[in-house]
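Structure, as structure tokens:
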Amino acid sequence: MGEMTGKGAVRFGFVGTGRRAQDHLQIVKTLKHASIKALCDVNESSLKEAQSRYSGTTYTSLDEMLEKEKLDAVVISTPTPLHVPQSLKCLAKGLHVLLEKPIALDLSEVKCLLRAVKKSDRLVIVGFQARYSDVVEKIKEKVDKDTLSMIAGYWYWTVPLIKWIAGRSQGGGQMIDQTIHLIDLTRFITESEVEQVYAAYTERGRNTEEDKALGFANWASYAVTLKFRNNVIGNLYSTYALYPRVFDAKVKATDHDRSLAESAVTMDVICRELLIRYVHASEARVYRQGNMTEVYRRAHDPTERMDTTFVEAILTGDNRQLRTPYEDSCKTMAVALAANESAITSKAVSLDKSLSA
């Protein structure tokens, strides 16, 4: 990363002030070369709470915020269907964009934003923060690229804690909303692209009247097989079918509940006589023949590293340390959307030309 240009702090606007935005707000508030100038949300109670904690001028209209504020960058943490339209507006105003995942629920929107990004000189990155994890860095260091054979992972969850995500039409399903992080890591670790996807989803386990009353209208469980160009294979599976106590921080959980929650997101990287187990956001374990196991625990917050790297890239003009540029992250989005297409059509989906104009 190059040296700072001396242009002062990056002036941030936040589009969406809810759960995920709070993480970014807390980080940006502490950064020497960043400032929170504006907050935008249609939820006025969320907006008021964020303003009381982080300051900044408040808006319920993105258009008004963009018209009145002098900003350098925005963080977009709104419902998925809004992501591309809002990103396009911010790019048109000459702003750098940190866009939370998932990008969109339709590939045509993903491609539309890709065209705009290619025409712009602004930075657009996507919130796949696991790429900035020191644990993931260790996995990349330890993997045997010559014998890497398979990556298998799972993401166990319950009915989404945020209501709009519970609907397939808004949240896209578990493979889009959360397991997409594992899809992204398979691409990052294999250093190869997915060429074919096959998926099967089911509503069994979450198709009761009780679930409907909760507003759940989604698949319950998911299984996806990936074939990479370098002949590595991947298997990812996930669920919304489990009980909420495990995953709701507001509920006092038992030791048994906490034990399940701690291992609810896991991914195995399999090479010849080598197993590297990734326990999401916390540690990596390296298993070889014999009794010795290497364990590497997280030392840094990957979201903080992502946000800090984003700010440094804006100030220095050097984007080489960015690990989630839109041009790459949109490929992960294409894989997740292909999984949904495959599940609906019961056919394997090829990705060779998925992002071509």
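The values are calculated or read from the model by the stated rules, or taken from the named source; none is laboratory data. Just so it is clear, the structure is predicted and the values come from calculations on it, not from any experiment. Backbone-built Cβ (ideal geometry, glycine too); neighbour counts: all protein chains shown.
Any residue that is assigned to a strand (DSSP E or B) and surrounded by 16 or more Cβ atoms within 10 Å (Cβ to Cβ) - is there at least one of those in segment 207-217?
So far as segment 207-217 goes, yes, one or more of its residues are assigned to a strand (DSSP E or B) and surrounded by 16 or more Cβ atoms within 10 Å (Cβ to Cβ).
Here's a check for you: in segment 320-357, which residue that is polar (S, T, N, Q) and at pLDDT below 95 is nearest to Val135 (Cα to Cα)?
Top of the filtered list is Ser354.
Is there a residue being closer than 18 Å to Leu337 by Cα, in contact (Cβ under 8 Å) with a residue 40 or more places away in the chain and in contact with a Phe, Trp or Tyr (Cβ under 8 Å, 6 or more places away or on another chain) anywhere in segment 87-98?
no
Which ones in segment 312-327 are out of contact with any Leu (no Cβ under 6 Å at 6 or more places or on another chain) and buried (at least 18 other Cβ atoms within 10 Å of the Cβ)?
Matches in segment 312-327: Glu312, Ile314, Leu315, Leu322, Arg323, Thr324, Tyr326.
When segment 165-205 is examined, which residues are found to be modelled with pLDDT of 95 or more and of a type in the set (D, E, K, R)?
The answer is Asp177, Asp184, Arg187, Glu191, Glu193, Glu195, Glu203, Arg204.
Out of segment 18-53, which residues are in contact (Cβ under 8 Å) with a residue 40 or more places away in the chain and either more than 18 Å from Thr308 (Cβ to Cβ) or among the aromatic types (Phe, Trp, Tyr) (or both)?
Correct list: Gly18, Arg19.
For the condition among the small types (Gly, Ala, Ser), without any contact (Cβ under 8 Å) to a residue 60 or more places away in the chain and outside the structural domain of Leu107 (by TED's automatic domain parsing), what is the one hit in Ser238, Ser149, Ser221?
Ser221
Count, please, the residues in segment 261-278 that happen to be more than 16 Å from Asn235 (Cβ to Cβ) and either outside the structural domain of Thr186 (by TED's automatic domain parsing) or assigned to a strand (DSSP E or B) (or both).
The qualifying residues number 1.
Identify all residues within segment 210-240 that are within 15 Å of Val335 (Cβ to Cβ), under 19 Å from the mean Cα position of the chain (by Cα) and among the β-branched types (Val, Ile, Thr); write none if there are none.
Listed by number, the list holds a single entry, Val224.
Return the pairs, sorted by first residue and then second, in which the second residue is modelled with pLDDT under 95 and among the hydroxyl-bearing types (Ser, Thr, Tyr), the first residue lies in segment 312-336 and is over 19 Å from Thr179 (Cβ atoms), the beta carbons are less than 9 Å apart, and the residues are 6+ apart or on different chains.
Pairs that qualify, where the first residue is over 19 Å from Thr179 (Cβ atoms) and the partner is modelled with pLDDT under 95 and among the hydroxyl-bearing types (Ser, Thr, Tyr), are Leu315/Thr5; Thr316/Thr5; Gly317/Thr5.
Filter segment 60-116 down to the residues that are in contact with a strand residue (DSSP E or B) (Cβ under 8 Å, 6 or more places away or on another chain) and hydroxyl-bearing (Ser, Thr, Tyr), then identify the one that is nearest to Ile314 (Cα to Cα).
Once the filter is applied, the top-ranked residue is Ser87.
I'm checking my understanding of the structure. Among residues of segment 280-293 that are in a strand (DSSP E or B) and touching a residue at least 60 places away in the same chain (Cβ under 8 Å), which one is surrounded by the most Cβ atoms within 10 Å (Cβ to Cβ)?
Filtering first and then ranking leaves Ala284.
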